[in-house]
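What follows draws every value from the coordinates through simple rules; no lab data is involved. From a predicted model like this one, the values you see are computed outputs, not experimental measurements. Heads up, the Cβs are rebuilt from the backbone with ideal geometry, glycines too, and the neighbour counts pull from every protein chain shown.
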Amino acid sequence: MTDADFAWQSALDLRHAILRKEVSPVDVVRAALDRLAAVEPALNAFVTPTPDAALDAARRAEQAIVRGEATGPLAGLPISVKDVIPVAGVRFTFGSRAFADNVATADAPLVERLRAAGAALLGKTTTSEFGCKAVGDCPLTGATRNPWDVSKTAGGSSAGAAASVAAGVTPFAIGTDGGGSLRIPGALTGLFAVKPQFARVPMFPVSAAPTLGHAGVMARTVRDAALLLGVVSGFDARDAFSVAAPVPDYLAACDRGVRGMRVAWSPTLGYARPTPEVAAIAAAAARAFEALGCEVEEVDAVFDADPVEVWTTEFYTGIGTRLKHLLAPATRELLDPPVVEILSSALGRSAEAYYATVFERYALREKMRLFFERFDLLLSPTLPVVAFDVFRDLPPELPDRNLVSWVYYTYPFNLTGQPAASIPAGCTAAGLPVGLQMVSRTNAEVDLFRAAAALEAARPWAGRRPALDG
């Protein structure tokens, strides 16, 4: 294996080669840093690279292997972390000029686990400001671009994570998802992105959207995502919602197959407006499950109505309350104007109006519990559109929606907390990726990995690479 191969190798293949002493983790990390330097001018995916820390971790992994000592499951593999998650001693900006010089004093629990597993952290990746937009730009860092077409957005808010993985910088990355922020960029850049069960991966310090925010992973292959999610999952008492249950064996689930699964396919969830090309590509991927031995039933209306107001109230009121001091006239000019507008609007709601949506959310959860008494898996398009031009907050096809409501399909499952993923479904005639969303019942990430691995085997995508290098 040569340095040129490292950029597109899976994490599992790299780990195997490292543990067999066929390659050095130091060489793998150096190749990743070289790749970062090569593509960063075009993509703008990293806020703060941490090359020295990455190389130090790789050297520790190499020394352990040479001495015959046990290594962690990530054994010097390169990875990145979205810049809404604290890494001790590293800038912690939330994509905001108001926090441009902020430095984290401690690691988040998931970062502690990455370090213990031997991961080599290449740096912090870009996000829209406070994760408030579904595209990848903010006043602090500018626009993060899509490797499949650098005139297009990589999506958000986990923009840099997606762009860098899709461009071959790291095999996988850590992001967050409060309304689709893993699945959106995953779909737009042709990756597998997983939002696990709410609080399966502990969040600390407390998120500004504490009942919606999930930490999760994205990767170029399903099994790489399974490897990484297994490392960062598990109970932590610092997260009041943390799932106090054994961590599922995600890797083993990838080998179980899907024959006999009951699958619902919904083109619109009852209210979305996908473009015809996106709908057709996602439908073809969903129907592939019939050949895999599943019972696939089309369900037009999963929800009685679009739950966007429930989600918008919960998400933006939480963030607006946390950031209220920045919305004052003296400091609001530091913030992204569309973010100021939507946060200010959310803070104008009365307590009675807020709690009306809280009870709507409980009803929504019960509806989905009953839905999954009939089905094992729900499939839909991940997004109604493909990647659109950078510096646009909304796709031109949906000008009547707000900063996140245009995504339609993703935010309902932050309200319910269920596991959800986006998996590559194919590409448009223009060569832009389309995602298929998968949703499983509560605590059933194993069903996501069963289904995703089966679809990946039937319709491989990891060999497709963006034409970023010409």
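According to a simple spin-label model (label point 7 Å from Cα along Cα-to-Cβ), what is the distance in nm between Ala116 and Thr442?
A separation of 2.7 nm, rounded to one decimal place.
Would you list the membrane-span-like helices of the chain, meaning whole DSSP H runs whose alpha-carbon atoms span at least 15 Å along their axis and whose mean Kyte-Doolittle value is at least -0.5?
Details: long enough: 25-43 (26 Å, 0.76); 51-66 (22 Å, -0.08); 222-232 (16 Å, 1.75); 276-291 (23 Å, 0.91); 308-322 (21 Å, -0.11); 337-347 (16 Å, 1.27); 351-374 (36 Å, -0.47); 445-458 (20 Å, 0.74).
Long hydrophobic helices here: 25-43, 51-66, 222-232, 276-291, 308-322, 337-347, 351-374, 445-458.
Sorted by mean Cβ packing within 10 Å, highest first, what order do the peptides 227-234, 289-296, 266-273 take?
Top of the packing list down: 227-234, 266-273, 289-296.
What whole-number distance in Å separates the alpha-carbon centres of the range 204-233 and the range 114-166?
What the calculation gives is 15 Å, centre to centre.
Are there trypsin sites (Lys or Arg not before Pro) in the range 1-74 that DSSP puts in a loop and that have at most 16 other Cβ atoms within 10 Å, and which ones?
Passing sites in the range 1-74 are Arg20, Lys21, Arg67.
Checking the a/c ratio against 1.5 first, then a/b against b/c, what shape does the Cα gyration tensor give for the range 1-158? Please report the intermediate quantities before stating the final value.
Details: a/c = 2.55, a/b = 1.53, b/c = 1.66.
Note, shape of the range 1-158 comes out oblate.
If amide H atoms are built 1.01 Å from N in the plane of the peptide, which residues on other chains or at least 5 residues away come under 5 Å of the amide H of Thr428?
Close amide H contacts, sequence-distant or interchain: Val434.
Using alpha carbons only, how many angstrom separate the centre of the range 1-48 from the centre of the range 392-418?
34 Å
Mind jotting down the three principal axis lengths of the range 334-470 based on Cα atoms? Whole angstrom, largest first.
On the principal axes, the range 334-470 reaches 51, 43, 25 Å in Cα extent.
Sum up the charges of everything whose Cβ sits under 15 Å from the Cβ of Glu366, counting Lys and Arg as +1 and Asp and Glu as -1, but leave Glu366 out.
Numbers: positive: Arg361, Arg365, Lys367, Arg369, Arg374, Arg441; negative: Asp304, Glu360, Glu373.
So the environment of Glu366 carries a net charge of +3.
What is the sum of charges around Leu110, taking Lys and Arg as +1, Asp and Glu as -1, for the other residues whose C-beta is under 13 Å from the C-beta of Leu110?
Its environment carries a net charge of +1.
Using mean Cβ contacts within 10 Å as the protection proxy, how do 156-167, 417-428, 76-87 order, highest first?
With the highest mean Cβ count within 10 Å placed first, the list reads 156-167, 76-87, 417-428.
Kindly identify the range 205-306 as rounded, prolate or oblate by the Cα gyration tensor criterion: order the square roots of the eigenvalues as a ≥ b ≥ c, call it rounded if a/c is under 1.5, otherwise compare a/b with b/c, prolate if a/b is larger, else oblate.
Numbers: a/c = 2.21, a/b = 1.41, b/c = 1.57.
Because a/c hits 1.5 or more and a/b fails to exceed b/c, the range 205-306 counts as oblate.
Scan around Val90 for amide H atoms under 5 Å from its own, H built in the peptide plane at 1.01 Å from N, and keep only partners 5 or more places away or cross-chain.
Counting only residues 5 or more places away or on other chains, the set is Ala104.
Could you give the length gained by full extension between Asp469 and His16, i.e. 0.36 nm per residue of separation minus their alpha carbon distance, to one decimal place?
160.3 nm
Quick one: which residues, 5+ away or cross-chain, put their amide H under 5 Å from the amide H of Gly123? H built at 1.01 Å from N.
Counting only residues 5 or more places away or on other chains, the set is Thr50, Val81.
Size of the dipole of the chain about the Cα centre, Lys and Arg at +1 and Asp and Glu at -1 on the beta carbon, nothing else charged, in debye to 20?
580 debye
Could you give me the ³J(HN,Hα) list for the range 125-136, computed from phi with Karplus coefficients 6.51, -1.76, 1.60 and θ = phi - 60°, whole Hz, x at Gly and Pro?
For the range 125-136, the Karplus-derived couplings read 9, 6, 8, 5, 4, 6, x, 8, 10, 8, 10, x Hz, x marking Gly and Pro.
May I ask for the net charge around Val87, where only other residues with Cβ less than 12 Å from the Cβ of Val87 are counted and Lys, Arg are +1 while Asp, Glu are -1?
Combined, the nearby Lys, Arg, Asp and Glu give +1.
Quick check on packing: order 457-465, 135-143, 242-250 by the mean number of other C-beta atoms within 10 Å, highest mean leading.
On the way: 457-465: 13.9, 135-143: 24.4, 242-250: 16.3.
Descending mean neighbour count gives 135-143, 242-250, 457-465.
From the C-alpha coordinates alone, can you work out the Kirkwood hydrodynamic radius of the chain, in Å?
Final number for the Kirkwood radius of the chain is 21.8 Å.
Assuming a ≥ b ≥ c are the square roots of the Cα gyration tensor eigenvalues, decide whether the range 397-470 counts as rounded (a/c under 1.5), prolate (otherwise, with a/b larger than b/c) or oblate.
In terms of gyration-tensor shape, oblate.
In nanometres, what is the gap between the two model label sites at Ala237 and Thr331, each 7 Å from Cα along Cα-to-Cβ?
Spacing of the two 7 Å Cα→Cβ label points: 3.3 nm.
Assuming R0 = 45 Å, what is the FRET efficiency of Arg369 and Ala291, from their Cβ-Cβ distance, to the nearest 0.05?
So the FRET efficiency works out to roughly 0.95.
For a paramagnetic label modelled at 7 Å from the Cα of Glu397 toward its Cβ, which residues of the range 125-147 fall within the zone defined by backbone nitrogen distances under 19 Å?
Backbone N within reach: 134-136, 146.
Hey, what do the phi angles of the range 193-203 turn into as Karplus ³J(HN,Hα) couplings, whole Hz, using 6.51/-1.76/1.60 and θ = phi - 60°, x for Gly and Pro?
Residue by residue, the range 193-203 yields 10, 10, 9, x, 3, 3, 6, 5, 9, x, 10 Hz.
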